[in-house]
Amino acid sequence: MPLKSDLSKNTYLIKSLAHELGFMFCGISKARFLEEEASHLEEWLKRDMHGKMGYMANHFDMRLDPTKLVPGAKSVISLAYNYFPKKDIACNDSYKIAKYAYGKDYHFVIKHKLKTLIHRINAEIGEIDGRVFVDSAPVMERQWAQQGGVGWIGKNSLLLNREGGSFFFLAEVIIDLELEYDGPVKDYCGTCTACMDACPTEAIPEPYLVDGSKCISYLTIELKDQIPEKFQSKMNDWIFGCDICQDVCPWNRFSTSHNEPDFEPHDQLESVDKKEWHDLTQELFGELFRKSAVKRTKFAGLKRNIEFAKKQS
């Protein structure tokens, strides 16, 4: 068993390295089976709140037990990376895309930093076995971040932090190294229901429960079929993702703009008006979103979203 001094030293080193790489928060929790979350996830799936995201029902045990992803795992390092922009493009009188997709695809930006972190850990502490994750594997990132004290899961199901709001990406490093563990923090949502009240599609029917099948982000990104007509007047000009429940959250008054050049939007993106969106070509799509997360919906998907939004303009 490692000496407590070694645990403290290694933990301090890892958190210091994370901050050097630009992560705004770093919390660590013991790798274990998330027993309480198992029943929540099972109930959510049973109520079909995952819509057509069939993959959410896959790898059930793996989602809840990090040792099935990294054999011998002892620690889950949860990291938060700020993406709050200097300027909110969605304030313009045009169609809107979520803030997280303004710049370069976060998967690439953050995964590079995580690999650097693993490399530095190996160099400073010694050879460890581990894997890095950025929203690309069956990892319950918000739950692990909550366990590690990075924040609490709010009524909109997103992770909230008193100092940084919620406009940050979450990532994990799961390793076979024992460390000192942080504990969960208090829930500071209180009696506030701003996110629930503001959601135009009523996707938050009760506190801490999001009906994914009604969420604008799901409808504009995950759903590959036609968007149901019942949402016709409720999309509020969003054509990729949605930030409504975050924009109205009181804790996001503490959000500060990021310092990541890769997250700066394409020069033209801010000036695209509705007519230009209506006339969007494959060529312009490729230019605006060449390295963006918006490519996930593909040209045809974004055109579908624009046409749907156009009907209510």
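The values are calculated or read from the model by the stated rules, or taken from the named source; none is laboratory data. What you see is a predicted model, and the numbers here were worked out from it, not measured in a lab. So basically every Cβ, Gly included, is an ideal-geometry build from the backbone, and we count neighbours across all protein chains shown. Accessible surface is based on the protein model in full, side chains and every heavy atom, while ligands, DNA and RNA are left aside. Shrake-Rupley method; radii C 1.70, N 1.55, O 1.52, S 1.80 Å.
Before moving on, here are some points about what is shown:
- Positions within the stretch 270-305 being surrounded by fewer than 18 Cβ atoms within 10 Å (Cβ to Cβ) and under 25 Å from the mean Cα position of the chain (by Cα), in sequence order: 270, 286, 287, 290, 291, 295, 296, 298, 299, 300
- Considering the stretch 135-159, the residues that are within 22 Å of residue 31 (Cα to Cα) and open to solvent by less than 10 Å² (accessible area, probe 1.4 Å) include one that is nearest to the chain's Cα centre (by Cα), namely 159.
- Residue within the stretch 170-183 that is under 23 Å from residue 242 (Cα atoms), open to solvent by 30 Å² or more (accessible area, probe 1.4 Å), more than 12 Å from the chain's Cα centre (by Cα) and not hydrophobic (A, V, I, L, M, F, W, C) present: no
- Residue 307 vs. criteria modelled with pLDDT under 95, assigned to a helix (DSSP H, G or I) and acidic (Asp, Glu): no
- Candidates are the residues of the stretch 41-84 that are at pLDDT 85 or above and polar (S, T, N, Q); the one that is surrounded by the fewest Cβ atoms within 10 Å (Cβ to Cβ) is 67.
- Inter-residue pairs, beta-carbon under 6 Å, first open to solvent by 50 Å² or more (accessible area, probe 1.4 Å) and among the aromatic types (Phe, Trp, Tyr) and in the stretch 212-228, second modelled with pLDDT under 95 and part of a loop (DSSP other than H, G, I, E, B), 6+ apart: none
- Applying a threshold of 8 Å to beta carbon distances and a minimum spacing of six or more residues, or different chains, the list of pairs starting in the stretch 255-284 at a residue that is among the basic types (Lys, Arg) and ending at one that is at pLDDT 95 or above reads 274/95.
- Among all residues of the stretch 157-173, there is none that is touching a Pro at 6+ places or on another chain (Cβ under 7 Å) and either farther than 22 Å from residue 105 by Cα or among the β-branched types (Val, Ile, Thr) (or both).
To keep it simple, each residue is scored yes or no on (1) out of contact with any helix residue (DSSP H, G or I) (no Cβ under 8 Å at 6 or more places or on another chain); (2) hydrophobic (A, V, I, L, M, F, W, C); (3) in a loop (DSSP other than H, G, I, E, B).
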{"residue": "225", "(1), (2), (3)": "yes, no, yes"}
{"residue": "233", "(1), (2), (3)": "yes, no, yes"}
{"residue": "252", "(1), (2), (3)": "no, no, no"}
{"residue": "270", "(1), (2), (3)": "no, no, no"}
{"residue": "277", "(1), (2), (3)": "no, yes, no"}
{"residue": "290", "(1), (2), (3)": "yes, no, yes"}
{"residue": "312", "(1), (2), (3)": "yes, no, yes"}
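- Residues of the stretch 199-209 satisfying the condition of being crowded, with 17+ Cβ neighbours inside 10 Å and closer than 15 Å to residue 248 by Cβ: 199, 201, 203, 204
- Among residues of the stretch 229-257, those that are open to solvent by 40 Å² or more (accessible area, probe 1.4 Å) and aromatic (Phe, Trp, Tyr), counted: 2
- Test: residue 10 is at pLDDT 65 or above and at negative phi: yes
- Unmet requirement for residue 139, which otherwise passes all of (1) more than 24 Å from residue 304 (Cβ to Cβ); (2) among the aliphatic types (A, V, I, L, M); (3) not in a loop (DSSP other than H, G, I, E, B): (3)
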